[in-house]
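Beneath this line is the structure, given in C-alpha cells, with notes to follow.
What follows draws every value from the coordinates through simple rules; no lab data is involved. Given the structure is predicted, the values throughout are model-derived calculations rather than measurements. Heads up, the Cβs are rebuilt from the backbone with ideal geometry, glycines too, and the neighbour counts pull from every protein chain shown.
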Amino acid sequence: MMKSCHGNGKRKLKKPHNGPHQPNTNATPSPQHFNESPSVAPSPVAPSPTVDSAISTEPDTDSSDHESDGNNEFENNPVRRSNRVSVLPIHLNDYELNMNELMLSFDEEPIKVFCLTEKKHKDVPSKPLLKFGESNSRSTTNRKGSFQQERKPKKVSLEISPHRAVSAVRLMRIEFGGAFADLLNEKGKGSGDNEMGYVERTLGFCTRDLDDRDLRLVTDIVGGTIRWRKYLDYLILSLCHDPNSFSHMEPLLLQILRIGFYEIVKLDVPSYAVVDENVQLAKIALRPGAGNMVNGILRKLVALKESNSLPSPQLEGDDRAQARALATIYSHPVWMVRRWTKDMGREEAIKLMKWNNSSPSFSLRANRGKGFTRSDLVSRLETLKVPYELSPHLDDFVRITTGMQSVLQDGLLKEGLCSVQDESAGLVISIVDPQPGETIIDCCAAPGGKTLFMAARLNGQGMVTAIDINKGRLRILKETAKLQQLDDVITTVHADLRTFPENNHVKYDKVLLDAPCSGLGVLSKRADLRWNRKSEDMEQLKSLQDELLDAASMLVKPGGVLVYSSCSIDPEENEHRVAAFLLRHQEYSIESSERYISPEFLSEEGYYFSTPVKHSLDGAFAARLLRCS
C-alpha cells in the first residue's frame, strides 16, 4: 500500500492523545487508514530499475499453481507493500467490516511529500489522530450538562464533479478498507448520501449531491478502474520519469491518476474534460503541485493514445514470463493466469479474462411468494422504460443490462417484489427441486438468495431451515424473508455447520450446501475480488469445503438428497471435492442433473456447470447426491 515519502519512507503509528484534536483538512490521508489486511511487518523495498520489474514483482518460481502472488497487488506491488502497516486482522470474506474500528493515525509534524513536477520536497501539514467515520466536530455540554455535538459548517466545492470525488474516495476505501465496488444496492440514493459523507471526512470538503447520472458514473468508473488496476498501474509507471516516484506516490494521487487513465484509455470520454477535471480534483484535494503533475502525465497519455503508441508488455520468453505479460495486459493476478492457462489453455483463459473485465448484466427474480409474477415484473420494467430480456432457462427471471438505478428508485427491491439474483444461482435451486411439504436445510445460507427462492417454491407448504455462522447476515436474511412474506416457511439458526449435527438430530428431505469458495466464477460482478483472493486461499478453502460436506451429509434422511454447489469455476473446488467426498461416504452416489436443467449445462459426470464465456452467466457448479435408503 502507498504512503507519502519522508525520510526513509516509513511512517509511525502515533498513540492517541488524551486531549481534543483539531483536524487539518489540507492533509492527504495515509493509506493505513484504509488498511484491512492482517498484520504483516513491512520490509524495505528497493525501487526497481525497470517498468516491468517495478510493476510486477511476483516471485518467479516454478513451484506450482500456489506460488505466492495471489494477493500480490498488496504483497508484491511496491506501491502497496512498502506501506503495509499493522492495524486490525480483518478478513475480506466477513462482509461485516465496521469501518469505525479502523484507527486513522496521522503524524503531528509536517511530512515530506514527493512532488513529481519539482525536484524537491514540500512540507505539508498533516492531520492528528482521527477515527474513520468521525467528522470534524467538537464535543461540548450545554448549561444543563447534556451532550451536544458542534459541527463545523460544510466546505462545499462546486469546482469538483461529485462523481469524481466519490470515485476517488471509494477506490481508496475499497483498496484499503474492504468496501465494495458497487453503489447500486437496495439502499438506492441512500448509498450516494453515505458516500458524500466519506468524501467530506476524507478530503475535508464535499461537492453538490449525487444525482442519478452521477451514481451511474461512479459505478462505471469505480468498477472499471478496479478491474483494470494492474494494467493502469503499468501505464502510470511507464509514464513516470522515475519508478521510485510511482512506488512512493500518495494514495489519493494514485487513485486520481487511475481514474484519469481509465477514462482516457477505456471510456469514450473527451480527453480535455478528463484532464481538466482530474487536475482540479488534485489541486483542491491535495495541492497545486499535484495538479500540475496530473496535468503533465495525463497529457502525455493523451498524446500516446492519439498516436497509437501506448506501451504494452511483450508476450515473449518462457511460460512464466508470458503469464506475467498476460496478467498485465488483461489485469488479473499472475497466479490466476497461470492456473487458467494450465487448466483450459491460453485462448480460453484470455476469453475468460475479457469476460471478467466487461460490464456485468443482472437478472431480476420475481418474488412469487408475494404474488408477484414475471409478467408483473415485465409490466413494471416497461413502464420504467428499462430494456429487458426474458430468461430462457428460468420462468421467474428477467435479464437487464441497463436501468438498475431506475429499478432501485421504483422500489421493486425495497418492497420485496423482486430480487437481484443471477440465473446461475437459480439453476442450482432447479437441481435441489424443492417440492411443497418438504423439509429443506440451507447450510451456509446468508445472505439468503437461494434460501428465499427455495421457500418461494414451497408455495407455503413445508419448511426451509437457514443456518449460517454469521449472525449479522442471518439477521438480514430474516428481515428479507419477512419483507417478501416468506417468513412463515423459513427458520433461521445461528450455528457453525461443522458442529451443528452433534446437537441436532433432525434429518431433512433435502440439504443444500452452497459452500464458501474462491468466487472465481463471479469476477465480473465482484470487481475487487480478484485482488483480494490469494493462491494460498485455495488449499484452505478445499479443506473447509471437505469439512462442511462431511457435516452436511449427516443431516440428510435415508433416501434424501444432498446438493453441493459453489460459484467457482475451479475443478479443485467442484468435481474434485465431490469425488473425494464419495470416497469417504459410500452411502452416497451421484444422481445426474439431466432431469432438472438444460443439457447445455450438463457435464459428462451429470454435474451442473455454467461458465461465463459459454453461457453468459456467472460461473457455478452443483452436484446432486443421493443417500441410500
- Query: What are the ³J(HN,Hα) values, in whole Hz, obtained from phi via the Karplus relation 6.51 cos²θ - 1.76 cosθ + 1.60 with θ = phi - 60°, for each residue of region 616-622 in sequence order, with x given for Gly and Pro?
  - Reply: 6, 10, 4, x, 7, 9, 7
- Query: Does anything in region 346-369 have its amide N under 17 Å from the 7 Å Cα→Cβ label point of residue 600, and if so which residues?
  - Reply: 361-363
- Task: Let me know the shape class of region 362-420, please: from the alpha-carbon gyration tensor, a ≥ b ≥ c as square roots of the eigenvalues, rounded when a/c is under 1.5, otherwise prolate if a/b is greater than b/c, or oblate.
- Result: oblate
- Note on the structure: Highest mean packing first, using Cβ neighbours within 10 angstrom, the peptides 592-605, 400-413 sort as 400-413, 592-605
- Note on the structure: Residue-ordered couplings for region 401-418, obtained by feeding phi - 60° into the Karplus form 6.51 cos²θ - 1.76 cosθ + 1.60 and rounding to whole Hz (Gly and Pro as x), are 10, 9, x, 4, 5, 5, 4, 5, 5, 6, x, 4, 7, 4, 7, x, 7, 8
- Query: Taking 0.36 nm per residue of separation and subtracting the Cα-Cα distance, what length does fully extending residue 347 through residue 476 add?
  - Reply: 42.3 nm
- Task: Rank the residues 234, 564, 272 as a footprinting-exposure proxy: fewest other Cβ atoms within 10 Å of their Cβ go first.
- Result: 272, 234, 564
- Give a residue-ordered list of calculated ³J(HN,Hα) values for region 225-241 (Karplus: 6.51 cos²θ - 1.76 cosθ + 1.60, θ = phi - 60°; whole Hz; x for Gly, Pro). 5, 5, 4, 9, 4, 5, 5, 5, 5, 4, 5, 4, 5, 4, 9, 6, 6
- For region 406-445 versus region 582-629, the gap between their alpha-carbon centres in whole angstrom: 20
- Query: Once amide H atoms are placed 1.01 Å from N in the peptide plane, what residues at a sequence separation of 5 or more from residue 391, or on another chain, have their amide H within under 5 Å of its amide H?
  - Reply: 397, 398, 399
- Checked against a 29 Å limit on the C-alpha separation, the offending pairs among 385/510; 385/414; 354/542; 300/351 are 385/510; 300/351
- Within region 506-531, whose backbone N sits under 18 Å from a point 7 Å along Cα→Cβ of residue 469? 512-519
